[in-house]
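Okay, structure first, notes after.
FYI, it's all coordinate maths here, none of it is from the lab. In this text the structure is predicted, and so the values were computed from the model without any measurement. Quick reminder, even Gly has a Cβ in these numbers, built from the backbone with ideal geometry, and neighbours come from all protein chains shown.
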Amino acid sequence: GANASALEKEIGPEQFPVNEHYFGLVNFGNTCYCNSVLQALYFCRPFREKVLAYKSQPRKKENLLTCLADLFHSIATQKKKVGVIPPKKFITRLRKENELFDNYMQQDAHEFLNYLLNTIADILQEERKQEKQNGRLPNGNIDSENNNSTPDPTWVHEIFQGTLTNETRCLTCETISSKDEDFLDLSVDVEQNTSITHCLRGFSNTETLCSEYKYYCEECRSKQEAHKRMKVKKLPMILALHLKRFKYMDQLHRYTKLSYRVVFPLELRLFNTSGDATNPDRMYDLVAVVVHCGSGPNRGHYIAIVKSHDFWLLFDDDIVEKIDAQAIEEFYGLTSDISKNSESGYILFYQSRD
């Protein structure tokens, strides 16, 4: 309570955004990985709006999405502006549905984000299929989805999905073949004292396929040396970037954390786009960061920093504080030692301006 009223004072009644609520989430033993991702997603406006719209539809049987919608709705309709909510129903459902999360171990926030987005998309696709089968959708002919075609994209895809194109150029005949693949987030390798731009450049670096890794060229009808690279072909509305901070060390037989300093800007433009990208000049603004605190994947803690209207907040389970934009630099990582305890950006959410 004291923390909440302090936050309200800090923001000030004149500055407090209309219809906005800042609620911490109770930690059930080890659920900060979940709390931090939920806070980040709540402050991704397009996602929040879709979840709340889902809540207003006729009630369906309970699943992970109905529990998420109930939680978001509960935050959005609180009488108070600030406070704490226990996301009990959501956590109970999560543990019931996926044994990976049904224990008191520290889980990986990125695995949870992936699981959550894919599960929501599956639920939406299944519901649409049911509606078609019940004849509620105007679709006179036999449904094309029964012919094993890919299901229609859902609002999860509309918000988070981008497309990569994997270009391979044969060094003998110069023929380029490309294959597209969709992503809901991009995982990039990290190096010491670099930036997100550097990580993305590494992600799209040209790789030479040679010796035993030669590429079978359809034109030459034989294995040839080739250049391969990944470019972004369709830029998503919200770009989720996962920094690969956990690395398996053979000599230690365990994962260690790379606390490298990786600068992430408040504004981002992707330059590793393909020539035929639909909207290559999209500008992105940082809206949320899931931060890992600690020295390894199974120990440690997650917090979230989010941008709401024009200020930044830090969500640490049930504690919510206003922070300066400058304070974000504290979450870039460390310039020194590899396995120190650090608070470093782990998943970044960038929202496109258009």
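A few comments on the model shown:
- In order along the stretch 302-315, the Karplus-derived 3J(HN,Hα) couplings, from 6.51 cos²θ - 1.76 cosθ + 1.60 at θ = phi - 60°, round to 10, 10, 10, 10, 9, 9, 10, 6, 10, 10, 10, 10, 10, 10 Hz, and Gly and Pro are given as x.
- Here 210, 67, 44 are placed in order of increasing Cβ neighbour count within 10 Å, fewest first, which gives 210, 67, 44.
- Secondary structure note: in the chain, about 85% of the DSSP beta bridges are antiparallel.
- Among 65, 100, 184: highest mean-square fluctuation, GNM of the chain, C-alpha pairs under 10 Å: 100
- Centroid-to-centroid, using Cα positions, the stretch 240-306 and the stretch 64-143 are 24 Å apart.
- Principal semi-axes in Å for the stretch 210-312 [√(5λ), Cα gyration tensor, largest first]: 34, 26, 9
- With each label modelled as a point 7 angstrom along the Cα→C-beta vector, the residue 6-residue 219 pair spans 6.6 nm.
- Extent along the principal axes, Cα only, for the stretch 22-175: 62, 48, 30 Å, with the longest axis given first.
- FRET efficiency estimate (nearest 0.05) - Cβ-Cβ, residue 251 to residue 205, R0 22 angstrom: 0.20
- Taking other C-beta atoms within 10 Å as the exposure proxy, 312, 155 rank 155, 312 from fewest upward.
- Amide H contacts under 5 Å for residue 246: 258, restricted to partners 5 or more places along the chain or on a different chain, H placed in the peptide plane at 1.01 Å from N.
- Given 14 as the ceiling on other Cβ atoms within 10 Å, longest exposed-site-free region of the chain for GluC sites (Glu not before Pro) in DSSP loops: 220-354
- Neighbour-count order for 269, 353, 282, fewest beta carbons within 10 angstrom listed first: 353, 269, 282
- Over 26 Å [Cα-Cα, the chain], rounded percent: 57 percent
- For the stretch 106-138, trypsin sites (Lys or Arg not before Pro) meeting the loop criterion (DSSP other than H, G, I, E, B) and having at most 12 other Cβ atoms within 10 Å: 136.
- Every helix of 4 or more DSSP H residues in the chain counts as -39500 (n - 2.57), and over all residues that averages to -8000 deg cm²/dmol at 222 nm.
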